[in-house]
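Participant: Next up is a structure, given as structure tokens.
Computed from the coordinates by the stated procedures, all read-outs in this text should not be read as laboratory data. Computed from a predicted model, the values in this text were never measured in an experiment. Note that each Cβ is placed from the backbone with ideal geometry, even for glycine, and that neighbours are counted across all protein chains shown.
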Amino acid sequence: MIDKGSEDIKPTEGKSLNFLETIIEEDIRKGKNDGRVHTRFPPEPNGYLHIGHAKSICLNFGLADKYNGKCNLRFDDTNPTKEEQEYVNSIMEDVRWLGFDWEDRLFYASDYFDQLYEWAIKLIKDGKAYVDDQPADLISEQRGVPTRPGIESPFRKRSIEENLELFERMKKGEFPDASKVLRAKIDMASPNMHMRDPVLYRILHSNHHRTGDKWCVYPMYDFAHGQSDYLEGITHSICTLEFEIHRPLYDWFLDNLIESEYRPRQHEFARLNLSYTVMSKRKLLELVKDKYVTGWDDPRMPTISGLRRRGYTPESIRNFADRVGVAKRENVIDVGLLEFSIREHLNLISPRIFAVLDPLKVIITNYPEGKTEELNLENNPEDPNGGNRIVPFSREVYIERDDFMEDPPNKFFRLGPGREVRLKGAYVIKCEDVKKDENGNIIELHCTYDPTTKSGSGDQRKVKGTLHWVSVNHAVDAEVRLYDRLFSKEFPDELENENDDFKNNLNPDSLQVITGKIEPSVKNAKHPDHFQFQRLGYFCVDPDSIPDKLVFNRTVSLKDTWAKMNK
RNA sequence: UGCCCGAUGGUGUAACUGGCAACACGUCUGACUCUGAAUCAGAAGAGUCCAGGUUCGACCCCUGGUCGGGCAACCA
């Protein structure tokens, strides 16, 4: 992003602008903030990032990139009772993994605690803030309800001197938690609840992950966010819709604190929702804490770390974020779009291999015993530089159990008694006999092969079906974790009644662990290698995997027209 | 009875300063195929929440409704 000149602003050729781009381009045209574009991604380090945050990250960093600006990473760490270093670390890892770089602009709201404290004093001195001794429930009661004005606190008209002294003592830790707060003096009758003398500072004798025990009072979000934006020179402060109502307060603080012309401006967009999952941090935390999943990075979680472990790539997530768009209306994105995005990318980059997940043994009766052929197969037809690999073929192979039917319908293009199929990369085989155990279960198939049909030999015979397979004597066992959607309901937040719980909508079959038979070329595969298990889906090596015991996660299945036909 | 926001095919987003609605996913056909994948070709699907108004002409502007979401933590 680099070339300077008149093309600094990448013009949006043909493609239409989203509403934020429209605003930004207009601001630039008008020369607002000297045409600067400076955004920020401001997570609270109280949990792991999820796909919704990914949208915000792509938006903020993407806008900065598009308009030759900068984007800061800023931790909104004003509440030490909820925030932890572990979360800070995971967030930085996730943002980086997604492919974004905040360069030297890593900030914390806690960097500004001194300045914020000074600003609070200024407000007191200006008669615009006061210390309230009332308990939280009383304050809340006096605040009224949206349809009725609140009433003023009896402490509202404390003298400036007394306020100054009390606030100083609050800071020094002379009062217990929750015994006093500092409030702005705005308007208890405002139709906007947030303007009814909002709390600026509360007393919290709590160790902060960065400032330790230095502070006994901590600023509220509203008193920290806009000022932090201001201090960092943010021009466009992009947040989600629920903060829209906060904007007058955001502006009020700046207008009452700052002399200069420059102002950051808050803009709100609709957060991302995804079908078949939940997105609230509280609910995700609950799933982790109560062990419904193995952790924040459980591959079923919509967290960035979960998606990463599941086998999603940064590219696929960025493309997804691009495709969902940005607007101000509530939305629920079909999880199918996410799945499309990852298939699209993995199709391009994943080596193809053979893996049989539900094995049925096939004995090729006319194939020489003890013989092994080393077949040279293409890794990825989509990638000319993908190279080749050797796959051993022998007299006994496994095929997928549901690739055989004893009494198949016409549309079944696979193996059945007397039918022929091609073993991909090898030969055409014909099913001659079906062996069963005493209970009638099919235990193996006896087939014959046609030696003239070897792949690549120029044989022209067409058969309807092509199956993947693995040589029995060469197969490698691997644990395969088959993941499915975490919830069985499209909108898991939608409850039947008051006693219902979103956890009742969990999909009991979201994880199935099996042992699969995999071709030997993957023996040395390691995390985070991606593969396409041919005809099955995309899989990646899990971090749990060790050389003697491979573990694969199913990222997403291949589109399956056959399965759909049978619905 | 308050304030703020929103409303376009199944889903999500477009439609330049007003000129009868486009793209993506999904769905359905068909072609191709040594992955029932991918790819390719095509189709169906909304008349833009409703009612008025302005205009030669409105998704777009105005008025009034309806519906949906948000706002009453010492959370962010």
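Participant: Once you sort the root eigenvalues of the Cα gyration tensor of the range A:337-394 as a ≥ b ≥ c, which label holds: rounded (a/c under 1.5), prolate (a/b larger than b/c) or oblate (the other case)? Don't skip to the end; give the middle numbers.
Facilitator: Values: a/c = 5.06, a/b = 1.84, b/c = 2.75.
In terms of gyration-tensor shape, oblate.
Participant: Can you sort A:Ile514, A:Ile429, A:Ile333, A:Ile203 from fewest to most other Cβ atoms within 10 Å of each residue's own Cβ?
Facilitator: A:Ile514, A:Ile333, A:Ile203, A:Ile429
Participant: In addition: What does DSSP give for chain A in terms of the percent of beta bridges that are antiparallel, rounded to the nearest 5?
Facilitator: 70 percent
Participant: Sticking with this structure for a sec: Which whole-Hz ³J(HN,Hα) couplings does the range A:302-309 yield from phi under the Karplus relation 6.51 cos²θ - 1.76 cosθ + 1.60, θ = phi - 60°, glycine and proline marked x?
Facilitator: x, 6, 5, 5, x, 5, 4, 5
Participant: By the gyration tensor of its Cα atoms, with a ≥ b ≥ c the square roots of the eigenvalues, what is the shape of the range A:131-188: rounded for a/c under 1.5, prolate for a/b over b/c, or oblate?
Facilitator: On the way: a/c = 3.13, a/b = 1.71, b/c = 1.83.
Because a/c hits 1.5 or more and a/b fails to exceed b/c, the range A:131-188 counts as oblate.
Participant: Label A:Trp97 and A:Ile514 with points 7 Å out from Cα along Cα→Cβ: what is the distance between them in nm?
Facilitator: Taking the two extended label points, one gets 2.7 nm.
Participant: Taking every pair of alpha-carbon atoms in chain A, what share in percent sits in each 10 Å bin, from 0 to the bin with the longest distance?
Facilitator: So the P(r) values, bin by bin, are 3, 14, 20, 20, 16, 11, 8, 5, 3, 1, 0.
Participant: Per residue of chain A, what 222 nm ellipticity follows from adding -39500 (n - 2.57) for every DSSP H run with n ≥ 4, rounded to the nearest 500?
Facilitator: Values: 13 runs with 143 residues, N = 567.
Calculated at 222 nm, the ellipticity per residue is -7500 deg cm²/dmol.
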